[in-house]
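Shown next, in structure tokens, is the structure this report addresses.
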Amino acid sequence: MDPHGFDSLGNPIGGLVFGKDNQFEQWTEFLLPNEFCIRACYNGPDNWKECNHIYDLMACRWNMPGDYSPGFDSCEGDKVTHPMGEYRLWNGTNYFWKQGDTPIPPPAPPAKVRNCQSFALS
């Protein structure tokens with residue numbers, strides 16, 4: 001799910017994400033039978049990269065690496081060092097992986113998190 005969709009009307013159409021004090025223009029979400037993840041990015045010039053939603057087939061663990069043990073965590077997090085699909089090469093240039101290219105690169109390191117609240121499954 002994301003704010004654009006194939007027709008630029010949203011996926012789902014009209015889907016919105018609100019935070020405490022604002023509406024997020026960019027967000028990405030994955031719903032799987034045994035996983036759920038969402039990233040909402042504060043409005044700014046690079047928010048489209050930080051909440052990129054072109055890697056649908058890669059799902060949660062590649063797009064948003066982190067702790068996927070049972071339960072639900074709500075955390076504050078730092079910015080990721082590189083947006084999903086963007087890699088810094090040894091020569092200092094950036095490489096942008098496209099879904100479908102092989103080999104598939106590993107996920108980027110997860111961002112540091114703090115102020116986490118854990119919720120048990122019931």
field: Hits in segment 78-122 (condition: hydroxyl-bearing (S, T, Y), part of a loop (DSSP other than H, G, I, E, B) and surrounded by 10 or more Cβ atoms within 10 Å (Cβ to Cβ))
entry: T81
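For every residue, the table says whether it meets (1) under 20 Å from W97 (Cα atoms); (2) surrounded by 11 or more Cβ atoms within 10 Å (Cβ to Cβ).
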| site | (1), (2) |
| --- | --- |
| N11 | no, yes |
| F18 | no, no |
| T28 | yes, yes |
| F36 | no, yes |
| M58 | yes, yes |
| N63 | yes, yes |
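Can you confirm whether G5 is farther than 24 Å from P103 by Cα and either under 13 Å from the mean Cα position of the chain (by Cα) or loosely packed, with under 11 Cβ neighbours inside 10 Å (or both)? Outline the logic, then answer.
Numbers: farther than 24 Å from P103 by Cα: yes; either under 13 Å from the mean Cα position of the chain (by Cα) or loosely packed, with under 11 Cβ neighbours inside 10 Å (or both): no.
It is false that G5 is farther than 24 Å from P103 by Cα and either under 13 Å from the mean Cα position of the chain (by Cα) or loosely packed, with under 11 Cβ neighbours inside 10 Å (or both).
Every number here is computed from the coordinates shown, using simple stated rules; none is lab data. Just so it is clear, the structure is predicted and the values come from calculations on it, not from any experiment. Here Cβ is always computed from backbone atoms with ideal geometry, including for glycine, and neighbour counts include all displayed protein chains.
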